[in-house]
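The values are calculated or read from the model by the stated rules, or taken from the named source; none is laboratory data. Since we're looking at a predicted model, the values are computed, not measured. Cβ coordinates were reconstructed from backbone atoms using ideal geometry, including for glycine residues, and neighbour counts include every protein chain displayed.
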Amino acid sequence: MMRNCAPFAAFLLLPACGLQPLYGGGSGSSVATTLRSVQVSPISGQAGWLMRNKLVDRLGPSSSGSTDYRLDVTLDDNITAFGLRGDQAATQERRTLRARFQLVSLPTGTVVLDATAGSDAGVDIVSSEYATVAAEQTALENLSDIVADQIVKRLAIYARRTAPAK
């Protein structure tokens with residue numbers, strides 16, 4: 001009987017641990033409102049275009065039209081060949097996408113968050129050049145999704161930490 005009660009007792013203690021949902025309050029929460037007030041600066045290159053679109057999609061449209069923050073992102077997109085065959089031709093590539101991002105408070109002009117995010121993916125080099133290029137492009141799109149998610153999570157954590165106390 002006591003063994004059955006232990007998980008229930010642990011569940012009752014969970015609110016006392018201090019964990020709170022990041023997006024508690026839904027679209028009207030302070031975190032969601034802060035994320036909607038972020039303007040994403042243009043990012044150069046194809047990877048930058050992809051990244052900016054993914055960030056804008058995740059941050060959501062500004063409901064009031066006001067922007068309190070600017071997000072500046074610098075990308076490092078790198079492809080490295082490895083896995084050499086006997087004829088010295090590469091058999092695999094590693095595509096790495098790293099982002100340094102800064103959240104700038106527009107009223108003060110100060111950088112309030114300066115961080116990095118990144119991920120990498122393996123790409124097989126096959127006999128068809130078209131298939132290899134398509135695999136590299138797919139890897140870039142997937143990496144952009146992963147890195148954009150990482151950036152938005154960091155912004156949400158910042159917004160939660162700086163939210164006014166209730």
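Given the criterion exposed (fewer than 12 other Cβ atoms within 10 Å of the Cβ) and among the hydrophobic types (A, V, I, L, M, F, W, C), identify the matching residue among PHE82, PHE101. After applying the criteria, what remains is PHE82.
When ALA159, ALA135 are checked against the criterion of being surrounded by 15 or more Cβ atoms within 10 Å (Cβ to Cβ), part of a helix (DSSP H, G or I), at pLDDT below 95 and more than 20 Å from the chain's Cα centre (by Cα), a single residue qualifies: ALA135.
Among the numbered conditions (1) farther than 14 Å from THR34 by Cα; (2) among the polar types (S, T, N, Q); (3) at pLDDT 90 or above, the only one that SER105 does not meet is (1). Considering only residues in the stretch 64-79 that are part of a loop (DSSP other than H, G, I, E, B) and of a type outside the set (Asp, Glu), the one that is surrounded by the most Cβ atoms within 10 Å (Cβ to Cβ) turns out to be THR67. Residues of the stretch 72-115 that are out of contact with any Lys or Arg (no Cβ under 9 Å at 6 or more places or on another chain), hydrophobic (A, V, I, L, M, F, W, C), touching a residue at least 24 places away in the same chain (Cβ under 8 Å) and closer than 23 Å to ALA163 by Cβ: VAL112 alone. Scoring ALA117 on the criteria (1) of a type in the set (A, V, I, L, M, F, W, C); (2) more than 15 Å from VAL40 (Cβ to Cβ); (3) in a strand (DSSP E or B) leaves a single failure, condition (2).
I need the full set of residues from the stretch 80-109 which are among the small types (Gly, Ala, Ser) and either part of a strand (DSSP E or B) or within 19 Å of ALA131 (Cβ to Cβ) (or both), in order please. Once the filter is applied, which keeps residues that are among the small types (Gly, Ala, Ser) and either part of a strand (DSSP E or B) or within 19 Å of ALA131 (Cβ to Cβ) (or both), the stretch 80-109 yields ALA81, GLY83, ALA89, ALA90, ALA99, SER105. Among the conditions (1) at pLDDT below 80; (2) more than 30 Å from LEU140 (Cβ to Cβ), the only one that ALA89 does not satisfy is (2).
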